[in-house]
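Colleague: Have a look at this one before I ask anything.
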Amino acid sequence: MMKLNSTGQVVLILVAVAYLLGVYFISSPVWMGFTINALIVAVLALSWNVTGGFGGLSSFGHAVLYGTGAYTSAILQVTYGVNAWVALVAGIAMAAAVGGFIGALAFRYGVKGSYFALVTLAFAEVFRICAASFDFAGGGSGLQLKLAPGISNIQFADRTVLYTFLLAIVVLVMLLTAWIKYSRFGAYLVAVRENEDAARALGIDTYRIKVLAMAVSGAFGGLAGVLYLQLWLFIDSSIAYGSSVSIEALIGPIIGGAGTVWGPVLGTLGLHLIGEGAKTLLSNAPGLNFVLYAVVLICALRFMPNGLVGLAGRIGPFAKKESKDA
Amino acid sequence: MLEVENLSKSFGGLKAVSNATLQVPEGSIVGLLGPNGAGKTTCFTMIAGFTKPDSGSVRLRGKDITGLAPHHICNLGMIRTFQIVQPFAGLTVEENIAVGAYLHHHERKEAMAVARDVGKRLGMGTLLDRPASALTIAGRKRLELARALATGAKLLLLDEVMAGLIPTEINEIVGIIRQIRDEGHTFLMIEHVMQAVMSLAETAYVLNQGVMIAHGTPRDLVRDPAVVEAYLGHGAAQRLQEDDHA
């Protein structure tokens, strides 16, 4: 049973939907290109949302999943000439496996909170250095896909088709997120976030749930990485495994509303709009968007701890009452 | 139903529990008493699988469950509650109970229905949509009980569900526990509120400094010199007797 959304949330979602559909009508390549990038990051944000949002397992190294998806697909396509769709599935599977492996290792030894964040960060860095060092991963020069437009290669000459494809994937991942949220798995994951000891007492195998969450998150994150590869046809170690990827993964959900279906997408879109606006205004100073992100993040943490979705949830007739001693 | 034999646990040089033995027959309410720091909660954590005992065994319906993980034990039908209540603060009361119900009801619809049913039976019908963080202490204690009950467990280990409640709230929860027992559940409860123990428990064990010092009906126990000394200090039993005779 879905809870009624408050008026504020409905308005917020309608604005986002209007924007995403509006891109079709404003025939501006700049807007479309920018939104295409934002959609790929939104998939990554939805990936972080599974572990960080529902499970309270804050990863600071989601680049490890994103990069593994991208590299797996790239190596298969470039070196072994595998079909792009097969490589996509392999990239997702490999990223899920890496996610599950990191989870299994970290949670076996009871790693929690900021220590878990550090473990994931360390994994991302190790993978980045490996990718830059080994020849089969292209070494320092990265990997380049051959330009071969066509559905069978997941390369779209027409930007509108590409945009539609990405939009469909974002919707699909959001539907999967909604399914998780309203499933037993999701309820257990939230229980683990809220109180792990109580969860264990209630018959939940918390270790299994957390590892599973990392694997699902890995699948989403790997998908985002493969999408990036298919769009730009090029990756290197810092694009795929760089810490800026990890930051992008977590900042959208936190600002939009972690543990919600819409939050990660809204947060990512909002942030990219701010970042893009700043770039245009301040003539492309590199890295400036991250400075702005930091400012927005600090304000978000101070003034809307439950993100945009939480803030909007307090507006309107179906607004959730805030508990006094929360 | 539950048989605990010679359970021991040391933390460093401190023997928290040594050779504790107790039995809980099916359908009964058994108390576990003792002054602060006697090892009652340690006993519970070992029985429920949260810490491994150094030695001894725990058997549930004849099956050895010593050292099993808590979720296995819960699946076998025994569950503990926490002395310091552990609600899922960000969730509503209904969602809290549903987490327990999910154990044997995999569909959201069923789990929610079970949660509402259990909530209503425990008198929380009007609170179901409230966030758990908004509950009073009495409400949270009741939520612990509801969540445990929703798992379908038949043997409930209650760790001081009445501590911090006012007398009317205690009377309510005593009634609820009795009702749940009559529906076919078994209880082992740690309790400090003697009024509750006297009216609920058929038998009780007394733990002091990690050792079981007495076992019997609550009425016998309060007259047992060893128990009186454990609570009131060395020589207390004798002084009381002298007062009686004087």
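Colleague: With every protein chain left in place, what is the accessible area per residue of chain B in square angstrom, probe 1.4 Å? Don't skip to the answer; put the middle values down first.
Modeller: Working: 10470 Å² over 246 residues.
In whole numbers, chain B has 43 Å² accessible per residue.
Colleague: Something else about it: Starting from the 7 Å offset along Cα-to-Cβ, what nm value, one decimal, do you get for the label separation of residue A:179 and residue B:11?
Modeller: Going from the residue A:179 label point to the residue B:11 one covers 4.6 nm.
Colleague: Right, next: How long are the three semi-axes of the equivalent ellipsoid of chain A, in whole Å, if each is the root of 5 times an eigenvalue of the C-alpha gyration tensor, listed from largest down?
Modeller: For chain A, the semi-axes come out at 30, 26, 18 Å.
Colleague: A further question follows. Hey, with R₀ at 25 Å, roughly what FRET efficiency would residue A:314 and residue B:136 work out to, going by the Cβ-Cβ distance, to 0.05? It would help to have the intermediate numbers written out before the result.
Modeller: Details: r = 24 Å, r/R0 = 0.96.
After rounding to 0.05, the efficiency reads 0.55.
Colleague: Next up: If you average the sequence gap of Cα pairs under 8 Å that are 6 or more apart and divide by the length of chain B, what percent do you get for the contact order?
Modeller: It rounds to 25 percent for chain B.
Colleague: Another question, then. Applying 1/(1 + (r/R0)^6) with R0 = 22 Å to the Cβ-Cβ distance of residue A:273 and residue A:295, what FRET efficiency is obtained, to the nearest 0.05?
Modeller: Efficiency, from the Cβ-Cβ distance: 0.90.
Colleague: On the Cα set of chain B, report Rg and Dmax in Å, please.
Modeller: 18.6, 68
Colleague: Taking a quarter of the surface of the Cα convex hull of the protein assembly as shown, what do you get in nm²?
Modeller: Values: hull surface 123.5 nm².
Average of the hull's projected areas for the protein assembly as shown equals 30.9 nm².
Colleague: Then there's this: Report in % the part of the accessible area of segment B:126-245 that belongs to carbon and sulfur, leaving out ligands and nucleic acids; probe 1.4 Å.
Modeller: 53 percent
Colleague: Another one. Simple spin-label model, 7 Å along Cα-to-Cβ: residue A:136 to residue B:117 in nm?
Modeller: Each label point is offset 7 Å from its Cα along the Cβ direction, giving 5.6 nm.
Colleague: Here is a further query. May I ask you to list the residues of segment B:27-68 whose amide nitrogen lies under 11 Å from a point 7 Å from Cα along the Cα→beta-carbon direction of residue B:181?
Modeller: What the label zone holds, given the 11 Å backbone N cut-off, is B:27-31.
Colleague: Show me the trypsin sites (Lys or Arg not before Pro) within segment B:15-78 that DSSP assigns to loop and that have at most 16 other Cβ atoms within 10 Å of their Cβ.
Modeller: Passing sites in segment B:15-78 are B:61.
Colleague: Among the aspartates and glutamates, select those whose C-alpha is under 17 Å from the C-alpha of residue B:63, and discard any that sit fewer than 8 residues away in the same chain.
Modeller: B:3, B:5, B:26
Colleague: May I pose another question? Averaged across the residues of B:147-154, what count of C-beta atoms belonging to other chains lies within 10 Å of each residue's C-beta?
Modeller: 2
Colleague: Still on this model: Roughly how big is the B-A contact, given as buried accessible area in Å² (both sides, 1.4 Å probe, nearest 100)? It would help to have the intermediate numbers written out before the result.
Modeller: Details: alone 11480 and 15730 Å², together 25090 Å².
That pair hides around 2100 Å² of surface in total.
Colleague: To make sure I understand the rule: partners must be aspartates and glutamates, Cα under 17 Å from the Cα of residue B:109, and not fewer than 8 residues away in the same chain. Which ones qualify?
Modeller: Leaving aside aspartates and glutamates fewer than 8 places away in the same chain, those within reach of residue B:109 are B:94, B:95, B:117, B:129.
Colleague: While we're here: Report, to the nearest whole %, how much of the accessible area of segment A:1-80 belongs to carbon and sulfur atoms, 1.4 Å probe, protein only.
Modeller: 76 percent
Colleague: Residue A:152 versus residue A:28, label points 7 Å from Cα toward the beta carbon: distance in nm?
Modeller: Distance between the two pseudo-spin positions: 3.9 nm.
Colleague: Using each residue's phi in segment A:67-75, evaluate 6.51 cos²θ - 1.76 cosθ + 1.60 at θ = phi - 60° and report the 3J(HN,Hα) Karplus result to the nearest Hz, with x for Gly and Pro.
Modeller: x, 5, x, 5, 5, 4, 5, 5, 4
Colleague: Within segment B:175-214, which residues have the backbone N less than 19 Å from the label spot 7 Å out from residue B:244 along Cα→beta-carbon, could you tell me?
Modeller: Under cut-off, by backbone N: B:198, B:214.
Colleague: Could I ask something else about it? Please work out the average accessible area per residue across segment A:1-107, using the 1.4 Å probe convention, and give it in Å².
Modeller: 38 Å²
Colleague: Right, here's the next one. Among B:181, B:116, B:223, which one moves the most in a GNM of chain B with springs linking Cα atoms closer than 10 Å?
Modeller: B:223
Colleague: Taking R0 as 25 Å, what FRET efficiency do you get between residue B:232 and residue B:57 from their Cβ-Cβ distance, rounded to the nearest 0.05? Write down the numbers at each step before the final one.
Modeller: Numbers: r = 33 Å, r/R0 = 1.34.
So the FRET efficiency works out to roughly 0.15.
Colleague: Accessible area drop of at least 50 Å² (1.4 Å probe, protein heavy atoms): which residues of segment B:93-124 qualify, relative to the chain alone?
Modeller: B:99, B:102, B:108
Colleague: Shape of segment A:215-288 from its Cα gyration tensor (a ≥ b ≥ c, root eigenvalues): rounded if a/c is under 1.5, otherwise prolate when a/b > b/c, or oblate?
Modeller: oblate
The values are calculated or read from the model by the stated rules, or taken from the named source; none is laboratory data. Values in this document were obtained by computation on a predicted structure and should not be read as measured data. Neighbour counts run over all protein chains shown; Cβ positions are idealised from the backbone, glycine included. When the accessible area is computed, the model is the full protein with side chains, heavy atoms only, and any ligands, DNA or RNA have been set aside. Shrake-Rupley method; radii C 1.70, N 1.55, O 1.52, S 1.80 Å.
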